[in-house]
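Visitor: Structure provided below as structure tokens; questions to follow.
Rule-based calculations on the coordinates, nothing more; no lab input. Worth saying up front: this structure is predicted, and the values here are computed from it rather than measured. Using ideal geometry, Cβ is built from the backbone for each residue, glycine included, and neighbour counts are taken over all protein chains shown.
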Amino acid sequence: CTFDQSFAFGATLKMAERGSRSPEQPHGNYLSVWLTDVSGPSPVPKFLFEAMEKITEKILLERGTPKTNKLEQIKTLNLSRMALKSEDLPVLLLSKLCSLEQLDLSGNMLQKIPKGLHLPGLKTLNCSDNEMEDVLSLEALSNIEELKLEDNMYLTVNDEHKVIFLLPKLRKFNGKDIRSTANHIRHGSTEILSKRVIGVWEQSFNLPNTVEAKGLAAVEKSFVEAACTQIKYGPSSLSDYTRWRVEMIAKEYVKSLVGEEEDTPPAKISKEPVSLKPLHVLQCHSRQDNPDDFKTQLWSCAFEPPLAECADDSRWARTVATCGGESLCVINCESGHVLKKYKVPEEEFFTLAWSTVQMSRSSGLTRPCNILAAGGKRGLVKLIHPRANLAFGEFRASRRAISILCFSSSNTSFLFTGTYENKIILWDIGALDEDYNFTVSKLLILETSSTPLHLSLLPSSPDKHLFSGCDNGLLVYDVQLSKNKLKRNEEMEIVFPVYKKKDKKNSYRTIDGMSFLSEEIVASKSHMQGSIYLWSWRETRGSWNSRKKEVPAVILAELQWSSYGYVACGDEQGRLWMYHITDSMKEHFKSGRTVSATEVLQWPSPVRAGKGALQGSSINSIAMDPDLQYLVALTEKNMAVIWKRQCR
């Protein structure tokens, strides 16, 4: 009707009283809009619709736990059966729930998750009994581990596969453990489809001579259409999912060919070198607590990853774990106090590694906890939760000694163990339940020709390549689980100029130090080399001929030694050689010059009562915290030296 007829619009804003509404009808602010017939003797409102502001801060606080007056502290939220539609979810308000771990949206009318919703801590989501149509909207909630989408009548098996692919940490779907299925969807089928997509390109397509946006777009469109038409995989019921993945892979492949992948921005480099002063010299690994024990060798140290839940506990700020002899120690760097000490008689610990894993709670939620893995001559991996003062498990990794441990940064329950059997094994220790139960599974066996001494994962893609510095060279392995092969040999061996100095006494092939300084720059040194190489992984890989195993390292610089940011290396006299890699230094890369150390930190010469000054000894291991506030160096004579950054 038009307004000049016998009807008029009216509106009023009402505040809903909680006690006056039925339990089924959610309470909140609402706007009533009606038509009124003014032609008769008494106007009668004719109700048209009611648009409610259904989610308010008050409602979130009432429906969330634990009970609090701050949205940031809510961990569990129940918004089920509120007749919510997607547009009823206020993105900005919900995104304040930065600690939210469990969200129940079941029994509503949601068609999708609204764009821009950011819930970084969300682990469990229940969207069952809704009207979901768009599962791609779930991709933003990338940390979800448990998801329910039952009773959404518009979703198909294709949508289920999309969800499993898009959520890399998802392990339970509609109440079922999907880890083996997810591994095939994310890796196995992806590898097969990728090979077929590349086959279509190589058979019929080429990049245009001049890579202009218009011409490239036309080639990409034709290529994607051809790939989607030609590639058939899996049952017909999954044809929609297969086409979706093929299209995605094809576009990514074209992008990789023209080099449009965005490079990771370089880390900011301090313009001024730091100054470090000795703070503590500790002798905490003595056998039988003997103060005269200067024979126990200390082998490995690592800083504990930051944990938000314990940020206010000053005792655990800047903690470092050290191992040697039969003990492990966890030390507060500032105070020098040994917070925890763990002993295993007749063991000799050679290596340790930290990781942050998820632990279940009785409420059904999970929480992160930092665990420590350690191994040594007995071939057993010990698992410890230092903050709980608990050694909760062990498993046998080898019949011989364990030389090195390394957790994956992308899959924090994945643990690489290097052993004196000349093998590197990848294990999955899974998540912990509330009683610290866990299940270990073996995922990969990598064959080495000598003992692995150092392990590093490629920072930009830790699930693709593993670097192993061994007793007889530096090897690179393909560790993608999409390859259906349990046992593997190295993909390539990186060779260095120092190998040409081989003589009867030394082959210079023992890699006794290795670390990534950025996404693509590696520092490494050989035993008795007398210098440290900085080399480019990207350029080295680019020069690799896949028909040959060996590939020469593309050397960027050679650092003088007796290691972007800081490089540190210990020597046989207890000194630390520090290199401050700046932008101006990069101009000399590839110039052939040897780069001198920025500073050489002398052995602090600690004094023992009645013993005099203690002489320096070889540094076996060093570690720096991410902000370079502390540096820890371990010696072969049972001394741990902690250095602290000084204000200039």
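Visitor: Show me 508-516, 624-632, 151-159 ranked by packing, highest mean number of other Cβ atoms within 10 Å first.
Guide: Result, highest mean Cβ count within 10 Å first: 508-516, 624-632, 151-159.
Visitor: Tell me the net charge near residue 454. Cut-off is 13 Å between Cβ atoms, residue 454 excluded, with +1 for each Lys or Arg and -1 for each Asp or Glu.
Guide: Net charge around residue 454: -1.
Visitor: With an 8 Å cut-off on Cα pairs and a minimum separation of 6 or more residues, tell me the relative contact order of segment 100-197 in percent.
Guide: For segment 100-197, the relative contact order is 22 percent.
Visitor: Please give the net charge around residue 526, taking every other residue with its beta carbon less than 9 angstrom from that of residue 526, where Lys and Arg add +1 and Asp and Glu add -1.
Guide: +1
Visitor: Under the Karplus relation 6.51 cos²θ - 1.76 cosθ + 1.60, θ = phi - 60°, what is the ordered set of whole-Hz ³J(HN,Hα) values for segment 147-161, x standing for Gly and Pro?
Guide: Karplus values, whole Hz, x for Gly and Pro: 9, 10, 10, 5, 6, 10, 5, 8, 7, 10, 5, 4, 5, 4, 5.
Visitor: Another question, if that's okay. Can you work out the Karplus-derived ³J(HN,Hα) for every residue in segment 400-409? Use 6.51 cos²θ - 1.76 cosθ + 1.60 with θ = phi - 60°, whole Hz, and x for glycine or proline.
Guide: With coefficients 6.51, -1.76 and 1.60, one gets 10, 5, 8, 9, 7, 10, 7, 8, 7, 7 Hz.
Visitor: Could I ask something else about it? Could you sort the peptides 431-440, 411-420 by per-residue average Cβ neighbour count (10 Å cutoff), highest mean leading?
Guide: Taking the mean over residues of other Cβ atoms within 10 Å, the ranking is 411-420, 431-440.
Visitor: Can I ask one more? Please list the non-local residues whose amide H lies under 5 Å from the amide H of residue 130, H modeled 1.01 Å from N, same-chain partners needing a gap of 5 or more.
Guide: Amide H to amide H, under 5 Å and 5 or more residues apart or across chains, residue 130 pairs with 107, 152.
Visitor: Moving to a separate point now. What length, rounded to one decimal in nm, is gained on full extension from residue 209 through to residue 539, with 0.36 nm per residue of separation minus their alpha-carbon distance?
Guide: Taking residue 209 through residue 539 to full extension adds about 116.4 nm, to one decimal.
Visitor: Alpha carbon centre of segment 106-139 versus segment 185-204: separation in Å?
Guide: The two parts, judged by their Cα centres, are 30 Å apart.
Visitor: For a quick check: with amide H placed at 1.01 Å from N, whose amide H comes under 5 Å from residue 339's, ignoring anything fewer than 5 positions away on the same chain?
Guide: Under 5 Å from the amide H of residue 339: 330, 331, 332.
Visitor: Can you list the residues, at least 5 places off or on another chain, whose amide H is less than 5 Å from the amide H of residue 423, using H built in the peptide plane?
Guide: 448
Visitor: Could you work out the local net charge near residue 390, counting Lys and Arg as +1, Asp and Glu as -1, over the other residues with Cβ closer than 12 Å to its Cβ?
Guide: Taking every Cβ under 12 Å from that of residue 390, the sum is +2.
Visitor: Here's something else I'd like to know. Kindly put 617, 95 in sequence by how many other C-beta atoms sit within 10 Å of each C-beta, fewest to most.
Guide: 95, 617
Visitor: What pairs from 442/501; 485/525; 123/341; 70/644; 295/505 go past 30 Å between their alpha carbons?
Guide: Check vs 30 Å cut-off fails for 442/501; 485/525; 123/341; 70/644.
Visitor: When you count, for each residue, the other Cβ atoms within 10 Å and take the mean per peptide, how do 99-105, 290-296 rank with the highest first?
Guide: Highest to lowest by the protection proxy: 99-105, 290-296.
Visitor: May I ask you to list the lysines whose Cα is less than 17 Å away from that of residue 85, ignoring any residue fewer than eight positions away on the same chain?
Guide: 54, 112, 115
Visitor: Taking every DSSP beta bridge that has both residues in segment 54-177, what percent is antiparallel when rounded to the nearest 5?
Guide: Once the DSSP bridges in segment 54-177 are tallied, antiparallel ones form about 25 percent.
Visitor: May I ask you to sort 399, 488 by Cβ crowding, counting other Cβ atoms within 10 Å and putting the fewest first?
Guide: 399, 488
Visitor: On to the next question. Could you line up 189, 410 from fewest to most neighbouring Cβ atoms inside 10 Å?
Guide: 410, 189
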